Amino acid sequence: MKQVWSVIRREYVERVKTRAFILSTLGMPLLMIGIMAVFGLVAFLSEQSERQIVLVDQSGQLGERVRQALDEAGYEVELAAPGTAAEELDQQVLDDELEAYILLDDATASEAVFHYRAKEPPGSVRSQLIRSAIVEEVVDMRLGQIEDGESVRRLFEGGSLEYEPVGLDEAEAEEAEAERISGMITGIAGGLILYIMMLAYGAQTLQSVLEEKQSRVVELVISSLRPWQLMLGKIVGVGAVGLTQVAIWIGCVALLAGLALPGLISAAPDLEELGQVRQYLPGPGAILLLLVFFLLGYFLYSSLFAAVGAMCKNLQEAGQAQTPLIIVIIVPFMMQMMTFQGNNMPWMNWVALFPFFSPIMMYPRAVMGDVPAWMVALSIVLMAVTVWGAAWVAGRIYKVGILSQGNRPNLRELLRWIREA
Amino acid sequence: MRLTGVCKTFGAHTAVDDLDLAIEPGTIYGLLGPNGSGKTTTIRMMMGILLPDGGSVELFGGAPDFGRRSRVGYLPEERGVYEKMKVLDQLVFFGEIRGLARSLARARAEKWLERLGLTEWASKKVQTLSKGMQQKVQFISTVLHDPELLILDEPFSGLDPINQDVLEEIVLEEKERGKTILFSTHLMEQAERLCERVCLISRARKVLDDDLKELKRRERTGVVAVEFDGEAPRIAWPEVLEVEQVGDAFHLSLDDGVRPEEILGAVLAEGVSLRRFELLEPRLHEIFVRHAGDPGDDDSVQPAGGAS
């Protein structure tokens, strides 16, 4: 057992030290923040540069209202003198003196149809901003002209479903709602983490096994260790690296929510609403369950990845051979994604019971409350049994595979390996 | 270490055929043979990397299980190293999985690195080392846990003469300390200098297996080398079948049953001053060639499976 510990340590230390680990650990959160920032920035900048707009009012009643509305939306609006001819402004556009102008006419006053005259169509942000500002003004104006305008407006806003929880007072209802949102966030994040970890660290196990086989280091190691000890050491070592990464991420979120957020709010009371974020964060129970699913799923997939690595000669071969495994990881993720979009069907819970799908499908369902507790428990038992079986099969393939230098076995040879090992 | 009737085939190719071997404790044993004759396959079976198709392998008086294998230091022909690990870390790791405590493994590794002139490379990644240096590192990992039996597969190939000497010195030292050493080689000079007993394998079969001195005596061809100070006498004795001049020396081939002393008497009777009179022993190389064919001619027996 001491030797297994040495293998685990070697695997862990050598991996945590690599640039790839440090980059991916820091990179994931930074990448997410970065992507959001870039999207926001691009939209902001593209609109920022073209904020001047000339408004021509031929309806005789909208000009000032629209000017104010656009002004509030952040545009510098110049209302053309009454009677300005559109042809004159068209000429300015053609001469590149003016980029665009907006023409309001009788159709605008009645149906909120207006004209944006320019050489180029407006960008998506710009057209959205301008349209909503103008439509709102027209609707306002028209509703002001009729009796009972206020209730018509509310009707147009789509009505509202007022959920009234029976048997819960207001505070309890609020709590239940927070729990639902929290489950949703935890479910999505947890499912994503499980999916990425299974793929990334399963593949790393494969690579690690293959490297040792290719360099024939394995022949040296195996003279002092049993094959299953080496395999176990590798899987645990690589898995510990994955857990470290997840722990760092969860720790960062906890740190942000626990320390940075209260600090920020006390410094800037305006941001007090941000404090609500905290009630949506997962509790220790959800994190513990994540750990259980991570461990079971990781052992299940990575032992099979190790077996695939052991039976291949090189990375190209392994790339092909691992396809079924990758599919078994991707398919449940896809199915779970459909559920996130609000399409859960009860029969999907049964699909999630399939042990190879459970690690990725069952966890989000469990924290979102989509599935009864007994099913979660059953899936854990089923997974545990499957892990045991998979480790047994993989161990045998591994034992024969790492020392064989021949071609990748076909299914019949593989069965013979498993039988004879 | 004892092999009895061991066989191994790869597909249609027979790599080792009905091989018996016995290595006595405390000796240096040479496993000789042309490339592809089955040396490495034999060694891999000794280490339990390959399982023999027939026959049995016995190590320290029992099956080669993990307990016994951990008393062996094995240097494989294909130098397997963790390329991205630092030299010292790698050695400590190998020491540990062979049962050494971490601190002891580190102390020993440092001592060995110093001895082989690699101290300044200790914290470099293995992949930055030259092939020869990597081989020395691997040799250290072979002896680090102070094994009772060293099994070295072509330990000298790829090393420069200076490092070959260092390695030879260490091998002899280990023997002095009571260790048993088995090594395979196709370099006859090395085997001749080091081995007490040699086994010659050719085309998967054992051809010779004997004490080196005994072997040489048996294979003696009855040639005497004589050198004179000053004028050489006319050599024309009935006992001498043939005379060949090699530089200053004369190689006299004696008739069957003629003892060298008789020739010495005849030479001295000539009244010349004698500088050298030597019973020529066959060189291992010649014995090798005589029994195995030219060691350079190895392509014809290269196995197809690549597992030489």
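Can B:Val87 be described as surrounded by 15 or more Cβ atoms within 10 Å (Cβ to Cβ), of a type in the set (Val, Ile, Thr) and within 14 Å of chain A (Cβ to nearest Cβ)? Answer is yes for this residue.
So, A:Gly242, is that one at pLDDT 85 or above, within 14 Å of chain B (Cβ to nearest Cβ) and either surrounded by 15 or more Cβ atoms within 10 Å (Cβ to Cβ) or in contact with a strand residue (DSSP E or B) (Cβ under 6 Å, 6 or more places away or on another chain) (or both) or not? Write out each step before concluding.
Numbers: at pLDDT 85 or above: yes; within 14 Å of chain B (Cβ to nearest Cβ): no; either surrounded by 15 or more Cβ atoms within 10 Å (Cβ to Cβ) or in contact with a strand residue (DSSP E or B) (Cβ under 6 Å, 6 or more places away or on another chain) (or both): yes.
Answer is no for this residue.
In a helix (DSSP H, G or I) and within 30 Å of B:Phe139 (Cβ to Cβ), is that true of B:Glu261? Give the derivation first.
On the way: in a helix (DSSP H, G or I): yes; within 30 Å of B:Phe139 (Cβ to Cβ): no.
Criteria not met by B:Glu261.
Provide a single number: the residues in the stretch A:1-46 that are among the aliphatic types (A, V, I, L, M) and either farther than 30 Å from A:Pro121 by Cβ or at pLDDT 90 or above (or both). Qualifying residue count for the region: 15.
Per the conditions (1) at the interface with another protein chain (Cβ under 10 Å from one of its Cβ atoms); (2) under 28 Å from the mean Cα position of the chain (by Cα), the sole criterion not satisfied by B:Glu96 is (2). When A:Val367 is tested against the conditions (1) out of contact with any Leu (no Cβ under 8 Å at 6 or more places or on another chain); (2) more than 14 Å from chain B (Cβ to nearest Cβ); (3) in a helix (DSSP H, G or I), the lone failure is (1).
Among residues of the stretch B:39-84 being farther than 24 Å from B:His186 by Cα and among the acidic types (Asp, Glu), the one that is farthest from the other protein chains (Cβ to nearest Cβ) is B:Glu58. If the condition is being in contact with a helix residue (DSSP H, G or I) (Cβ under 9 Å, 6 or more places away or on another chain) and either free of Cβ contacts under 8 Å to residues at least 24 places away in the same chain or not assigned by TED's automatic domain parsing to the domain that holds B:Cys7 (or both), then the stretch B:45-67 contributes B:Gly48, B:Ile49, B:Leu51, B:Gly61, B:Gly62, B:Pro64. Looking across A:Leu220, A:Leu194, A:Leu210, one residue alone is modelled with pLDDT of 85 or more, at negative phi and away from every other protein chain (no Cβ under 14 Å). It is A:Leu194. When the criteria are applied in full, A:Val367 meets the requirement of being touching a residue at least 60 places away in the same chain (Cβ under 8 Å), out of contact with any strand residue (DSSP E or B) (no Cβ under 7 Å at 6 or more places or on another chain) and within 26 Å of A:Met184 (Cβ to Cβ). In the stretch B:144-161 there is no residue that is buried (at least 21 other Cβ atoms within 10 Å of the Cβ) and assigned to a helix (DSSP H, G or I).
Could you tell me whether any residue of the stretch B:101-123 is among the aromatic types (Phe, Trp, Tyr), surrounded by 14 or more Cβ atoms within 10 Å (Cβ to Cβ), under 29 Å from A:Met1 (Cβ atoms) and more than 8 Å from chain A (Cβ to nearest Cβ)? The answer is yes, given that some residue of the stretch B:101-123 is among the aromatic types (Phe, Trp, Tyr), surrounded by 14 or more Cβ atoms within 10 Å (Cβ to Cβ), under 29 Å from A:Met1 (Cβ atoms) and more than 8 Å from chain A (Cβ to nearest Cβ). Of the residues making up the stretch B:76-91, those that are at pLDDT 90 or above and over 19 Å from A:Ser208 (Cβ atoms) are B:Val87, B:Leu88, B:Leu91.
Somewhere in the stretch B:239-257, is a residue more than 21 Å from the chain's Cα centre (by Cα), of a type in the set (A, V, I, L, M, F, W, C) and at pLDDT below 75? Full working, then the answer.
Of all residues in the stretch B:239-257, those more than 21 Å from the chain's Cα centre (by Cα) come to B:239-257.
Now drop any that are not of a type in the set (A, V, I, L, M, F, W, C), which leaves B:240-241, B:243, B:246, B:249-250, B:252, B:254.
Applying the additional criterion that residues be at pLDDT below 75 yields none.
No, that holds for no residue.
Could you please find all residues in the stretch A:9-43 being under 17 Å from A:Val241 (Cβ atoms) and more than 11 Å from every other protein chain (Cβ to nearest Cβ)? Correct list: A:Tyr12, A:Val16, A:Arg19, A:Ala20, A:Phe21, A:Ile22, A:Leu23, A:Ser24, A:Thr25, A:Leu26, A:Gly27, A:Met28. Screening A:Glu76 with (1) in contact with a Lys or Arg (Cβ under 8 Å, 6 or more places away or on another chain); (2) modelled with pLDDT of 85 or more gives one miss only, at (2).
The values are calculated or read from the model by the stated rules, or taken from the named source; none is laboratory data. Every value quoted in this text rests on a predicted model; they were computed, and no experiment measured them. Glycine also receives a Cβ, built like all others from the backbone with ideal geometry; neighbour counts cover every protein chain displayed.
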